[in-house]
Amino acid sequence: MKTRKTPLRMCLGCSEMKPKKELVRVVKSKEGEISLDLTGKKPGRGAYICKSAECFSKARKSRRFEKTFSCKIDEELYDAMERELENE
């Protein structure tokens, strides 16, 4: 039986390629709403980040989310996503 190839995604914080299951998806919906997608099934444009606060802060500092989603993100939204990631 063939072994399935595991999908790899790049973390926006540390820029390492990791299995998709180890990462958390951040999604931008068609309405422009940005949120964490813990299930990985929400519709919209997705970007991936490690489950560590360190990677999130690196991506936040270098504005990688804003570059990926081509929009300005409020500091309040960053804080809410960081709290949700810590509770995960």
*asked:* Going by what's in this entry, would Ile49 be described as touching a Cys at 6+ places or on another chain (Cβ under 8 Å), touching a residue at least 12 places away in the same chain (Cβ under 8 Å) and surrounded by 15 or more Cβ atoms within 10 Å (Cβ to Cβ)?
replied: yes
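Results for (1) at pLDDT 95 or above; (2) over 10 Å from the mean Cα position of the chain (by Cα); (3) over 21 Å from Met17 (Cβ atoms); (4) not polar (S, T, N, Q), shown as yes or no for each residue.
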position	(1), (2), (3), (4)
Thr39	no, yes, yes, no
Lys51	no, no, no, yes
Ser57	no, yes, no, no
Phe65	no, no, no, yes
*Hey, can you tell me all the residues within segment 39-88 that are under 20 Å from Met10 (Cβ atoms), part of a helix (DSSP H, G or I) and among the hydrophobic types (A, V, I, L, M, F, W, C)?*
Ala53, Cys55, Phe56, Ala59, Phe65, Phe69, Met81, Leu85
*If you take the residues of segment 20-42 that are over 13 Å from Leu77 (Cα atoms) and of a type in the set (Asp, Glu), which of them is surrounded by the fewest Cβ atoms within 10 Å (Cβ to Cβ)?*
Glu31
*Pairs, first at negative phi in segment 1-20, second among the small types (Gly, Ala, Ser), C-beta under 7 Å, six or more apart*: Leu12/Ala47; Leu12/Ala59; Gly13/Ala59
*Could you list all residues from segment 1-21 that are among the aliphatic types (A, V, I, L, M) and not in a strand (DSSP E or B)?*
Met1, Leu12
*asked:* Restricting to segment 22-36, name every residue that is more than 16 Å from Cys55 (Cβ to Cβ) and not in a loop (DSSP other than H, G, I, E, B).
replied: Val27, Lys28, Ile34, Ser35
*asked:* Condition (residue is among the polar types (S, T, N, Q) and in contact with a Gly (Cβ under 9 Å, 6 or more places away or on another chain)) applied to segment 2-16: is it met by at least one residue?
replied: no
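The values are calculated or read from the model by the stated rules, or taken from the named source; none is laboratory data. The shown structure was predicted, so the numbers you read here are calculated from the model rather than taken from an experiment. As a convention, Cβ positions derive from the backbone with ideal geometry for all residues, glycine included, and neighbour counts pool all protein chains shown.
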